[in-house]
Amino acid sequence: MPMRTYRALDPDKVIDTIRVLHQRISERFPGAGLGGVCAELLAMAKESSVRAERISRRNVPLRVAIAALLAGGAGALLWIARQIDFSRTASDSVFSVVQGLEAAANLVVLTGAALFFLVTLEVRLKRRRALKALHELRSIVHVIDMHQLTKDPSAEVSIAGKTASSPARTLTRFELTRYLDYCAEMLSLASKVAVLYAQGFPDAVIVEVVSDLERIAAGLSQKIWQKIMILAATAPAEAAAPSVAATAPAVPR
């Protein structure tokens, strides 16, 4: 249905967006490490699309096996109930009742624990798979942050000299802006890949982990945009002149 496209993330669209971003990075910065990170994010997006779809499915064989175990357990309880001898005399009825109550209480506790384990087994298996994938996405978010860490706009306005350990500053102001913008886009897309898991498997734990990952990506992206704003604020005055801006050709992103 057409409306479904606007109510949920389309994994194919997310993958296509990451693929185009990878092409843009490779064309703008050929051979740069950021392109390799984006390629890895693209591979993870493809894997996550398949994983999220599988996790959202019903595990029919597991459910059939659980139903069979529950039916067998119910049959065993019924058989035990039939073995109880109700023809005791009145003299030992109190002792028999006490023993019966204790055994029944233990049986109820064990049965409840087994029932809870079996009923929640499918959810716990899915949750474990989703958490493993989300941990990988969290790691690549921090890898993206490491790539923009030394892209410091203060070098454009600083009057101090470099030290022997200063990172190489080979990017122009425009290239640095584009590099930082690519990093911000990658962070946003990584969080969108994470949402695919919560979208198909709305488990409370998974939703909270995805929200936490989104908060991390948003915080890192905010730092990047602060750098971009510094670059924009310190741009040469002539670059912002209306006459130049009106005649300047469009620069590809």
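Every number here is computed from the coordinates shown, using simple stated rules; none is lab data. Keep in mind that what you see is a predicted model, and the values were worked out from it rather than measured.
Points worth noting:
- Partners for Lys13 among lysines (Cα-Cα distance below 22 Å; same-chain residues under 8 apart left out): Lys46, Lys192
- Applying the Karplus relation 6.51 cos²θ - 1.76 cosθ + 1.60 with θ = phi - 60° to region 130-147 yields 3J(HN,Hα) values of 5, 5, 4, 5, 5, 5, 5, 5, 4, 5, 5, 4, 6, 5, 4, 5, 5, 6 Hz, where x marks Gly and Pro.
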